[in-house]
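Just below is one structure, and these are the notes that go with it.
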Amino acid sequence: MYLNHQSIEGYQIERMEWLILALLRQARIEAGAVIFEKTACDMQQTLKSAVMAVKHLTEPKNQKVKIELSAKEEGPMLLQCDGPWLIEALVNLLKNASDYTEEGTDILLEAEQNDLFTRISVTDYGQGISEEDMAHIFERFYRVDKGRSRKLGGTGLGLAIVKNIAVQYGGTATAEMTPGGGLTVSIVIAS
């Protein structure tokens with residue numbers, strides 16, 4: 001985002017376009033106007049696609065996204081999902097992790113599947129957030145560090161979109177502090 005601007009006006013136009021598109025996506029999901037085309041998604045490929053989509057953010061900061069899969073059985077881990085929408089949710093999670101994690105720090109993207117659920121989590125090892133903020137992070141327009149978010153271009157829509165995508169799958173989005181600092185945000189979908 002914001003890579004093609006030649007001036008502050010160009011930057012502001014790109015930012016406004018992105019904000020409008022994010023609001024439209026959010027409104028369409030909330031209104032039930034988005035039809036999720038569920039097919040068997042290979043989780044390893046889905047996770048790799050999300051990582052590739054944020055490479056332009058992680059590489060300059062020397063951050064590596066480590067992928068870990070824990071399946072209930074041998075072979076590819078499959079999930080009935082709409083691949084592009086799940087990738088959008090993961091990109092939002094990875095972007096947040098990259099934004100709030102120091103340079104040279106790894107980010108963990110993991111998928112765990114058992115007979116009851118599939119959990120896809122992004123763990124960063126940044127500053128973490130307060131308990132008060134934790135209760136609000138999935139709300140539209142909520143930003144934990146307003147000053148820093150403005151500098152990074154955050155709108156407070158990313159995690160709200162993640163939550164709504166999870167709900168469309170009949171699941172939920174959760175967040176918990178990472179031991180030693182940082183945050184783990186997960187999408188949990190019934191298997």
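The values are calculated or read from the model by the stated rules, or taken from the named source; none is laboratory data. Worth saying up front: this structure is predicted, and the values here are computed from it rather than measured. When we count neighbours, we look across all protein chains shown, and the Cβ atoms used for this are built from the backbone with ideal geometry, even at glycine. The accessibility values were calculated without ligands, DNA or RNA, using every heavy atom of the protein model including side chains. Shrake-Rupley method; radii C 1.70, N 1.55, O 1.52, S 1.80 Å.
Scanning residues 5 or more positions from I107 or on other chains, those with amide H under 5 Å from its amide H are K64, V65, K66, with H placed 1.01 Å from N in the peptide plane. Placing pseudo-labels 7 Å out from each Cα toward the beta carbon at M134 and L116 gives an inter-label distance of 2.0 nm. Ordering of 115-123, 175-183 by packing is 115-123, 175-183, highest average first (other Cβ atoms within 10 Å, averaged per residue).
In nm, what is the difference between 0.36 nm times the number of residues separating E37 and K55 and their Cα-Cα distance? Walk me through the intermediate numbers first.
Numbers: separation 18, 0.36 × 18 = 6.48 nm, distance 2.65 nm.
3.8 nm is the gain from fully extending E37 to K55.
Rounded to the nearest Hz, the phi-derived 3J(HN,Hα) couplings of region 82-98 under the Karplus curve 6.51 cos²θ - 1.76 cosθ + 1.60 (θ = phi - 60°) are 9, x, x, 6, 5, 4, 4, 4, 5, 4, 4, 5, 5, 4, 4, 4, 5, where x marks glycine and proline. Restricting region 77-126 to GluC sites (Glu not before Pro) that sit in a DSSP loop and have at most 10 other Cβ atoms within 10 Å of their own Cβ leaves E103. Spin-label model, T172/K72: points 7 Å from Cα along the beta carbon direction are separated by 1.9 nm.
Going from most exposed to least, what order do T105, T174, T39 have by accessible area with a 1.4 Å probe?
Working: T105 35, T174 55, T39 80 Å².
Result, largest first: T39, T174, T105.
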